[in-house]
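To start, the structure itself, in C-alpha cells.
The values are calculated or read from the model by the stated rules, or taken from the named source; none is laboratory data. What you see is a predicted model, and the numbers here were worked out from it, not measured in a lab. We place every Cβ from the backbone using ideal geometry, glycine too, and count neighbours over all the protein chains shown. Just so you know, the surface numbers come from the protein's heavy atoms only, side chains and all, with ligands and any DNA or RNA stripped out. Shrake-Rupley method; radii C 1.70, N 1.55, O 1.52, S 1.80 Å.
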Amino acid sequence: MKSTFLTVIFISALSLSSCNGQDDDAATPEVSNKEKVIEVLKSIETGAQEPASYINPESYTQHNLGVADGLAGFGEILQALPPNSAKVNTIRAFEDGDYIFTHTDYNFFGPKIGFDVFRFENGLIVEHWDNLQVTPEQPNPSGHTMIDGTTEITDLEKTEENKTLVRNFITDILINGNMDKIGNYFEGDQYIQHNPSIADGLSGLGSALAAMAEQGVTMEFSVIHKVLGQGNFVLSISEGHFGGAHTSYYDLFRVENGKIAEHWDVIETIAPEADRKNTNGKFNFPN
C-alpha cells in the first residue's frame, strides 16, 4: 500500500508538471505560485493528489529535518498521518521573488502553528523549509492567539525598506543587545504581540524577559539566515539558543510607518543529528 501510494504521487507530479511548459490553445487561468503553495498545503488535509504536480519530482530538497528528502519523503509523511486527522488553514501567504512563505494553523500529528517557506524554479517547488510549534491551549496574556490579527498586505513599495528595518532590529537588539537603540524600532509602547507567553508592548516584552531571567532561562539569537518580505510583512529566520537548546526562530513582523507594530513567531528546537531524516540543513538557503 505504501509503495503504491508513493508511486501514484510521483507519477502524478511527473506527468502533470511536464505539461507546464506546453502550449494550450484553450487558454486556462494561470495559477500563481502563492496559489500553488496553498493548494499543496491543503492537500495534506484533503489527500488531493493533483497539487503534487506543483512539486518538481526530480529536484525537491527538504529542510524539515524530520522528513526524508525528495518527493518520496513528502509522500511518506502524508501516509504516516492518522486517517482524517490532518487539518490545514493557511492564514497568511506572501511572495518575495522565487519564495513563497506562509503562516498556517495545522493539525499535523496534533495541533500546531507553522511557518513554511517554498522556493520555486520554472513554476515548480524545488525546496522547502519550515518551523512548527505546538498550539497553546490559551491565548497570550493580552488575549491574542498565534495566528489572529491583521492579514492585509499593504505598502508594497516599502518591501525592501521594511526588510532592512527588521534585519537591523534583529541585529541591534536581539543579537548584539544594544537596547539603547530599541526606540528606533517601535512607536512607544504600541506593539501587538502574538507570542503565547508575552503581553503587548515593549513593557510586556520586558516583563517576560525579566521573568525568564529569574528562572535562569535565556533567549539568544546568534545569526540571521534569511529575511523575506512583501509590503508591510517581513519574516526573519534566525538561529540561536532558547533555554540552552539549539533553536530555530521564525519571526513575522508587521511594519507600520517605519516602526514594528505587530509580531508573530514560531520557535522550534532543532533536532540533534542522530534524529534527522535528511542532511540538507535547517538553514541552508541559496545565495
To the nearest Å², the heavy-atom accessible area per residue of region 38-105 with 1.4 Å probe amounts to 40 Å²
Over region 150-253, with neighbouring protein chains present, the accessible area per residue in Å² at probe 1.4 Å is 46 Å²
So the number of lysine pairs in region 39-195 with alpha-carbon atoms under 26 angstrom apart, 8 or more residues apart or on different chains, is 5
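Among 212-222, 244-254, how do they line up by average Cβ neighbours within 10 Å per residue, starting with the highest? Could you put the intermediate results ahead of the total?
Numbers: 212-222: 12.8, 244-254: 20.1.
Descending packing order for the listed peptides: 244-254, 212-222.
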For the chain the mean separation of alpha carbon contacts under 8 Å (6+ apart) over residue count, i.e. relative contact order in percent, is 17 percent
The rounded separation in angstrom of the Cα centers of region 173-242 and region 243-285 is 13 Å
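Can you give me the % of accessible surface on the chain that is carbon or sulfur? Probe 1.4 Å, all protein chains present, nothing else counted.
C and S atoms contribute 50 percent here.
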Tilt, helix 33-46 to longest principal axis of the chain (alpha-carbon atoms), in degrees rounded to tens, equals 80 degrees
Longest principal axis of the chain (C-alpha) makes with the long axis of helix 70-80 (C-alpha) an angle, in degrees to the nearest 10, of 80 degrees
In degrees rounded to 10, the 0-90 angle between helix 159-169 Cα long axis and the longest Cα principal axis of the chain is 50 degrees
Candidate cut points under GluC sites (Glu not before Pro) in region 67-156, DSSP loop plus at most 11 other Cβ atoms within 10 Å of their own Cβ, are 137, 152
Residues whose modelled amide H sits under 5 Å from the amide H of residue 225, counting only those 5 or more places away in sequence or on another chain, are 237, 238, 239
For region 76-136, listing chymotrypsin sites (Phe, Trp or Tyr not before Pro) in a DSSP loop whose Cβ sees at most 16 other Cβ atoms within 10 Å gives 109
Straight-line reach check, residue 259, cutoff 12 Å on alpha carbons, 8 or more apart in-chain or any other chain, hits among aspartates and glutamates -> 161, 187, 189
